[in-house]
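Asker: Could you have a look at this structure, given as structure tokens, before my questions?
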Amino acid sequence: MALQNFSITDSISNLWDKLDGWLDAIILKLPNMAIAILVMVVFYFIAKGVKKFAHNVLFKKMSDESIKQVLSKSIYAIVLIIGFFIALSVLQLDKMLTSILAGAGVMGLAIGFALQGTLSNTVSGFMLSFQPKVRIGDFVETQDHSGFVEEIDLRNVTLRQTDNDYLIVPNKIFIEHIFINHSWTKRTRITVGCGVGYEDDLEKVEELVIKIISDNFKQNNNEEVEFFFSEFGDSSINFITRFWINSQSPKPVLAAKHKAIKLIKKNFDEAGINIPFPIRTLDFGKNKLQMTTKKEE
């Protein structure tokens, strides 16, 4: 009997009535929707302006660029959220928003577990931004990677490597592992090694190397050129010399080593000091030498 009373015409009519009601509601809400979209667009540009103003004016006296960036982005996000709430109010969705916020506690707990790594990176990002030992422009080395700090945001540290490639390091990994900041101090000590022949005068070698380095690399107070013979090698007596230079990135270190090696080689040649190198003798055996002679004949 229930099947006999079923009418397709009535069902379609009810469906059209529903759609017509929804269409009427949408048409009535169109002015509010337009105003809500306008509010979001206006607040987007306001947020960008406030972010720029905060970065260039409010936080102008802050020396650390990374802190200025994080604070400016936080203000930008807050202004956008305010605009979002106002847009919901224009659409008269306040009650729905209240219901959503009421269940946000349980959902927040679930999301917290799901986004544990992301939240950890965010917290680490704040810690890095307020840590004075990592600044924009510093040259740092971490996890077998190195580069200039280009940006510190709420998720990652962006490093520009010396080959101009960009390396993205999650904040959590960066802050939980040891890193070296080469830009934290202006002076760094470098080491150059070499070897001399067993027949050479070691006292002469030491005096000459110290004079070469001292004359070409200025040492400040409490700094000195150091020289140490390190080992008896297979074909040479090896030594290292250590001295200080101004450097906050890899290039000055490489340039100083390059210059020191050229100076040591030039002065050793002029002083008749030998820099030995291994010589290998290849023994092909009597039969192989005879075969080679036959081919040549």
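Asker: For segment 117-140, how many residues are out of contact with any helix residue (DSSP H, G or I) (no Cβ under 9 Å at 6 or more places or on another chain) and either at pLDDT 60 or above or among the aliphatic types (A, V, I, L, M) (or both)?
Answerer: Going through segment 117-140 one residue at a time, the tally reaches 2.
Asker: Please determine whether any residue of segment 174-191 is of a type in the set (A, V, I, L, M, F, W, C), under 24 Å from Arg242 (Cα atoms), at pLDDT 90 or above and surrounded by 17 or more Cβ atoms within 10 Å (Cβ to Cβ).
Answerer: Yes, segment 174-191 has at least one match.
Asker: Give the number of residues within segment 219-273 that are of a type in the set (D, E, K, R) and in a helix (DSSP H, G or I).
Answerer: So the answer is 8.
Asker: Taking Phe229, is it out of contact with any Pro (no Cβ under 7 Å at 6 or more places or on another chain) and modelled with pLDDT of 95 or more?
Answerer: For Phe229, the condition - out of contact with any Pro (no Cβ under 7 Å at 6 or more places or on another chain) and modelled with pLDDT of 95 or more - is met.
Asker: Over 8 Å from the mean Cα position of the chain (by Cα), among the basic types (Lys, Arg) and either under 15 Å from Ser249 (Cβ atoms) or surrounded by fewer than 18 Cβ atoms within 10 Å (Cβ to Cβ) (or both): is that true of Arg135 in this structure?
Answerer: Details: over 8 Å from the mean Cα position of the chain (by Cα): yes; among the basic types (Lys, Arg): yes; either under 15 Å from Ser249 (Cβ atoms) or surrounded by fewer than 18 Cβ atoms within 10 Å (Cβ to Cβ) (or both): yes.
Here the answer is yes, as Arg135 does meet what is asked.
Asker: From the list Pro250, Pro278, pick out the single residue that is modelled with pLDDT under 90 and either of a type in the set (S, T, N, Q) or surrounded by 12 or more Cβ atoms within 10 Å (Cβ to Cβ) (or both). So that I can check it myself, show each step before the final result.
Answerer: Numbers: Pro278 fails: either of a type in the set (S, T, N, Q) or surrounded by 12 or more Cβ atoms within 10 Å (Cβ to Cβ) (or both).
Only one candidate passes the filter, namely Pro250.
Asker: In this structure, is Lys251 among the charged types (D, E, K, R) and closer than 30 Å to Ile136 by Cα?
Answerer: Yes.
The values are calculated or read from the model by the stated rules, or taken from the named source; none is laboratory data. Predicted model only: the values in this text are computed from it and were never measured. A quick note on method: Cβ atoms are made from the backbone with ideal geometry, for glycine too, and the neighbour counts reach across all protein chains shown.
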